[in-house]
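Worksheet: the structure to be examined is printed underneath.
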Amino acid sequence: MTLNRSRVGQLLESFAGKKILIVGDIMVDEFIWGRVQRISPEAPVPVVEVMDQTYRLGGSGNVAANIKTMGGLPIPIAVHGLDDAARRLVELLKEWEIDNSGLRTADRPTTLKTRIVAHNQQVVRTDRESRKPLQANVNADLESAFLRNLRHASAVIVSDYDKGVVNRELLGSILPKAQSARVPVFLDPKVNHADYYRPITAITPNKREAEQLTGLSIQDDESLEQAGQSLRRKFECEYALITRGEEGMSLFNGTGSHHLPTFAREVFDVTGAGDTVIATLALACASGATMEEAALLANHAAGIVVGKIGTATVDRSELFSHFDSRQ
């Protein structure tokens, strides 16, 4: 499986303006940056002297940010609460110029993940969230927002962070409609929702999720192949892409598999790397790439983003330069 500079340039240019629907759990990632110079006298824990505080789109919002950075038009279909984090979320979406018309308000806190980082090392993370089921009227509102935008969409991403948006009722309604409209669906899974995920085009678990979804222990090439094909059969999908960290990623289809070595030079932070992979995969396929070409581009994008600190994105110029430097 190869790509040349001309083909990569053509595909990246075609990313522009592709509308991608993102059904999933949107959140705010708060980063508190500081330094540690002493241990607390109250308990054996570091005292972090705060130097800065930043906010980024997280969860399905990070998928949307990656799509936006690469030239696409993301439309998140998601919920938030009525709280300070919701106001921060709306501000971030406006800064990114991301369409927020698919967001709905629910009686729950907006998911906020706070990471305290000292000397580029994460010290602790706190989560403020709710996982309770969405009310029927909120599901109905999300479905309406999805269907209103589906006719203009080039792809659908389901970004499941197990916070409630990805649920049986909603997926049971919208996924068959996406299939009928011939819009490909790319799904980043959570293990306990496995029976919700049909029909889809491709599923993108990491190695551990693939093991849990299939009940197989991936120890070698043979067990990896078994797991990849088992995912395809289990979810009745054409493709399965297993991301494998420092071992790269593996794409499975009806004729076999393609194994891609990692392109990362240094790994600083894997936060959100799966978001970058699925965003690149969907955008590339929506732009006319084969799934094999899309997986190769997604692998390059993952190699870039793990070299950054925190929830990060990749743009088209970075992606082209990264590809070009490794040919």
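Out of all DSSP beta bridges in the chain, what portion is antiparallel? Express it as a percent rounded to 5.
Antiparallel bridges: around 50 percent, rounded to the nearest 5.
A cut-off of 5 Å between modelled amide H atoms, ignoring neighbours fewer than 5 places along the same chain, links ILE157 with LEU21, ILE22, VAL23, PHE186. In region 114-265, the DSSP beta bridges split such that about 60 percent are antiparallel, to the nearest 5.
Which whole-number percent is the relative contact order of region 174-327 (Cα, under 8 Å, 6+ apart)?
Values: 249 pairs, mean separation 25.0, N = 154.
The value is 16 percent.
How big is D for region 165-255, in µm² s⁻¹ as a whole number, if Stokes-Einstein is applied with the Kirkwood radius of its Cα pairs at 37 °C and 0.692 mPa s?
On the way: Rh = 13.4 Å.
The Stokes-Einstein estimate is 246 µm²/s.
The ratio of the alpha-carbon radius of gyration of the chain to the globular-protein estimate 2.2 N^0.38 Å is 0.98.
Near the amide H of VAL79, within less than 5 Å, lie the amide hydrogens of ILE26, ARG104, all on another chain or at least 5 residues away, with H placed in the peptide plane. Could you list the residues of region 280-309 with an amide nitrogen less than 16 Å from a label point located 7 Å from the Cα of MET51 in the Cα-to-C-beta direction? Taking a point 7 Å out along Cα→Cβ of MET51, the residues of region 280-309 whose backbone N falls under 16 Å are 309. With contacts taken as Cα pairs under 8 Å at a separation of at least 6 residues, region 113-185 carries a relative contact order of 29 percent.
Each residue of region 152-166 was assigned a 3J(HN,Hα) from its phi angle through the Karplus expression (A = 6.51, B = -1.76, C = 1.60, θ = phi - 60°), giving 9, 8, 9, 6, 10, 10, 9, 10, 9, 10, 6, 10, x, 5, 7 Hz with x at Gly and Pro.
Given a cut-off of 19 Å, name the pairs among LYS207/LYS308; LYS68/LYS94; LYS190/LYS234; LYS68/LYS163; LYS18/LYS113; LYS18/LYS68 whose C-alpha atoms lie farther apart than that in the structure shown.
Numbers: LYS207/LYS308 22 Å; LYS68/LYS94 12 Å; LYS190/LYS234 14 Å; LYS68/LYS163 23 Å; LYS18/LYS113 29 Å; LYS18/LYS68 10 Å.
The answer is LYS207/LYS308; LYS68/LYS163; LYS18/LYS113.
From most to least packed by mean Cβ count within 10 Å, the peptides 49-55, 245-251 give 245-251, 49-55.
In the chain, the calculated helix contribution to ellipticity at 222 nm averages -12000 deg cm²/dmol per residue, counting -39,500 (n - 2.57) for every DSSP H run with n ≥ 4.
Using a 10 Å cut-off on Cβ atoms, rank the peptides 283-294, 171-182 from the highest mean neighbour count down. Can you show the working numbers first?
On the way: 283-294: 21.7, 171-182: 15.7.
Answer by packing, highest mean first, reads 283-294, 171-182.
Could you run the Debye sum over the Cα atoms of region 84-234, one equal point scatterer each and no solvent, and tell me log10 of I(q)/I(0) at q = 0.12, 0.13, 0.17, 0.21 Å⁻¹, two decimals? After summing over all Cα pairs, the log10 values are -0.66, -0.77, -1.15, -1.35.
Lys and Arg at +1, Asp and Glu at -1: add these up for the other residues within a Cβ distance under 14 Å of ARG5 and post the number. Walk me through the numbers before you get to the answer.
Working: positive: ARG7, ARG316, ARG326; negative: GLU13, GLU293, ASP324.
Overall, the nearby charge balance is 0.
Contact order, relative form, for the chain: 18 percent (alpha carbon pairs under 8 Å, 6 or more residues apart, mean separation divided by residue count).
Site pair ASN4 and ASP107 shows an inter-label distance of 6.2 nm when each label is modelled 7 Å from Cα along Cα→Cβ. Stokes-Einstein diffusion for region 1-53 at 37 °C, viscosity 0.692 mPa s, with a Kirkwood radius from C-alpha pairs, works out to 198 µm²/s.
Taking every DSSP beta bridge that has both residues in region 62-197, what percent is antiparallel when rounded to the nearest 5? Antiparallel: roughly 50 percent of the beta bridges in region 62-197.
Each reported figure results from applying straightforward, stated rules to the coordinates on display, with no laboratory input. The model shown is predicted, which means the values in this text are computed figures rather than measured ones. Counting neighbours? That spans all protein chains shown, and the Cβs are built from the backbone with ideal geometry, glycine included.
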